[in-house]
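A quick write-up on the structure given underneath.
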Amino acid sequence: MKNIIIVRGGGDIATGTIHKLYRSGFPVVVLETQNPSTIRRKVAFSEAMYEKETIVEGVICKRAEHFNQINEILSEGKIPIIQDENCDILQYIKPMALVDGILAKKNLGTKKEMAPITVALGPGFKAGVDVDAVIETQRGHDLGRILWEGDAAKNTGIPGIIGGYGKERVIHSPATGMINAISHISDTVTKGQAIAFIGETKVEASIDGILRGMIKDGYPVVKGLKIADIDPRIEEKKNCFTISDKARCIAGSVLESILYLRRVKNLS
């Protein structure tokens, strides 16, 4: 299929890009792991790996079991997602562009040779060497800036400030084991409240607010893994179900970079 775009990763930030590319008329195929550890699951196409289909802001993503199902799903007007950590799909599909939206803070194998146009999100890639363009993902003045050479800002490990809270609003697993969720995404929680258990270990809400993200119930977590995210703005409950400002900003830059590179490389 002409102008097909492959996106590695289906988390909430990548979903903003996938959604925009689809709405802009590009056929998109998403590559994911078998068991994604996405937190903001209500706005992530990666959830289709568990539920077979998921909808984000009116767009449907459907899991493909085999590469030969991809064209069928595309013909249904849906976005196919398939387990493919190593980009084996490139043996069957020759995309116009490949976007690395894994956000692993390091390069997990994406190379310029994979497609005529290659774009990566965040740190771990060198623009002009590993990929054609890198999109800045760190909040601030440069969020969404397209880099044609060099690297994105290094990962600080400090979450962006929301409602006056930064690292306090993100919850990491206090133990290793299977998570048993008590609270659910969009629930109102109070500081100290039990929101889940990992074995006998209680996971407590770190602040008052709305549970904006929560790892899949039953997921085998390791100590220190990010497992939940609380938004202190009680009135912003609807944000649990819509693509974030950060994801939309980055998505616009991905679209711009692909359109620009398609023109300068005479690929249209």
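Tell me yes or no: at least one residue of segment 181-191 is more than 23 Å from the chain's Cα centre (by Cα), touching a residue at least 24 places away in the same chain (Cβ under 8 Å) and crowded, with 17+ Cβ neighbours inside 10 Å.
If we filter segment 181-191 for residues that are more than 23 Å from the chain's Cα centre (by Cα), which is where we start, we get 182, 188-191.
Retained after the next criterion (residues that are touching a residue at least 24 places away in the same chain (Cβ under 8 Å)): 188-189.
Retained after the next criterion (residues that are crowded, with 17+ Cβ neighbours inside 10 Å): 189.
Within segment 181-191, one or more residues are more than 23 Å from the chain's Cα centre (by Cα), touching a residue at least 24 places away in the same chain (Cβ under 8 Å) and crowded, with 17+ Cβ neighbours inside 10 Å.
Out of Arg8, Arg41, report the one residue that is charged (D, E, K, R), under 21 Å from Ile117 (Cβ atoms) and either crowded, with 16+ Cβ neighbours inside 10 Å or outside the structural domain of Glu136 (by TED's automatic domain parsing) (or both). First the steps, then the outcome.
On the way: Arg41 fails: under 21 Å from Ile117 (Cβ atoms).
Unique residue meeting the criteria: Arg8.
How about segment 50-83: which of its residues are touching a helix residue (DSSP H, G or I) at 6+ places or on another chain (Cβ under 8 Å), surrounded by fewer than 20 Cβ atoms within 10 Å (Cβ to Cβ) and within 23 Å of Leu108 (Cα to Cα)?
Selection gives Phe67, Gln83.
Of the residues that sit in segment 238-268 and are free of Cβ contacts under 8 Å to residues at least 12 places away in the same chain and under 30 Å from Ile185 (Cα atoms), which one is surrounded by the most Cβ atoms within 10 Å (Cβ to Cβ)?
The qualifying residue surrounded by the most Cβ atoms within 10 Å (Cβ to Cβ) is Asp245.
Would you please name the residue that is farthest from the chain's Cα centre (by Cα), looking only at residues in segment 1-44 that are outside any helix (DSSP H, G or I) and among the charged types (D, E, K, R)?
Our first condition is that a residue be outside any helix (DSSP H, G or I); within segment 1-44, this holds for 1-11, 24-40, 44.
Now restrict to residues that are among the charged types (D, E, K, R): 2, 8, 32, 40.
On the way: Lys2: 25, Arg8: 9, Glu32: 10, Arg40: 9 Å.
Looking at the filtered set, the residue picked out is Lys2.
So, Tyr260, is that one assigned by TED's automatic domain parsing to the domain that holds Val119 and either touching a strand residue (DSSP E or B) at 6+ places or on another chain (Cβ under 7 Å) or within 30 Å of Gly140 (Cβ to Cβ) (or both) or not?
In short, yes.
When you go through (1) surrounded by fewer than 24 Cβ atoms within 10 Å (Cβ to Cβ); (2) touching a Pro at 6+ places or on another chain (Cβ under 9 Å); (3) charged (D, E, K, R); (4) part of a helix (DSSP H, G or I) one by one for Glu47, which number turns out not to apply?
Going through (1) surrounded by fewer than 24 Cβ atoms within 10 Å (Cβ to Cβ); (2) touching a Pro at 6+ places or on another chain (Cβ under 9 Å); (3) charged (D, E, K, R); (4) part of a helix (DSSP H, G or I) one by one, Glu47 breaks only (1).
Which residues, counting only those in segment 63-105, are in a strand (DSSP E or B) and polar (S, T, N, Q)? Please lay out each step first, then the result.
Initially, segment 63-105 is screened for residues in a strand (DSSP E or B), giving 63, 79-83, 97-100.
Passing the criteria: only Gln83.
Scan segment 243-268 for residues that are assigned to a loop (DSSP other than H, G, I, E, B) and either of a type outside the set (Val, Ile, Thr) or over 15 Å from Leu21 (Cα atoms) (or both) and jot them down. Steps first, answer last, please.
The initial filter retains those residues of segment 243-268 that are assigned to a loop (DSSP other than H, G, I, E, B), namely 243-244, 265-268.
Scanning segment 243-268 gives Ser244, Lys265, Asn266, Leu267, Ser268.
Being free of Cβ contacts under 8 Å to residues at least 24 places away in the same chain and under 15 Å from the mean Cα position of the chain (by Cα) is the filter; apply it to segment 53-103 and report the residue that is farthest from Thr33 (Cα to Cα).
Ile55
Of the residues that sit in segment 104-148 and are closer than 20 Å to Thr33 by Cβ and over 18 Å from the mean Cα position of the chain (by Cα), which one is surrounded by the most Cβ atoms within 10 Å (Cβ to Cβ)?
Met114
Criterion first (touching a helix residue (DSSP H, G or I) at 6+ places or on another chain (Cβ under 8 Å), free of Cβ contacts under 8 Å to residues at least 40 places away in the same chain and closer than 30 Å to Tyr22 by Cα) does Ile210 satisfy it? Talk me through it step by step, then tell me what you get.
Details: touching a helix residue (DSSP H, G or I) at 6+ places or on another chain (Cβ under 8 Å): yes; free of Cβ contacts under 8 Å to residues at least 40 places away in the same chain: yes; closer than 30 Å to Tyr22 by Cα: yes.
Yes: the conditions hold for Ile210.
For segment 87-103, enumerate the residues that are acidic (Asp, Glu) and surrounded by fewer than 22 Cβ atoms within 10 Å (Cβ to Cβ). Spell out the reasoning first.
Filtering segment 87-103 for residues acidic (Asp, Glu) gives 88, 100.
Correct list: Asp88 only.
The values are calculated or read from the model by the stated rules, or taken from the named source; none is laboratory data. Note that the coordinates shown come from a computational prediction; the quantities given were computed from them, not determined experimentally. Virtual Cβ from ideal backbone geometry, glycine too; neighbours counted across all protein chains shown.
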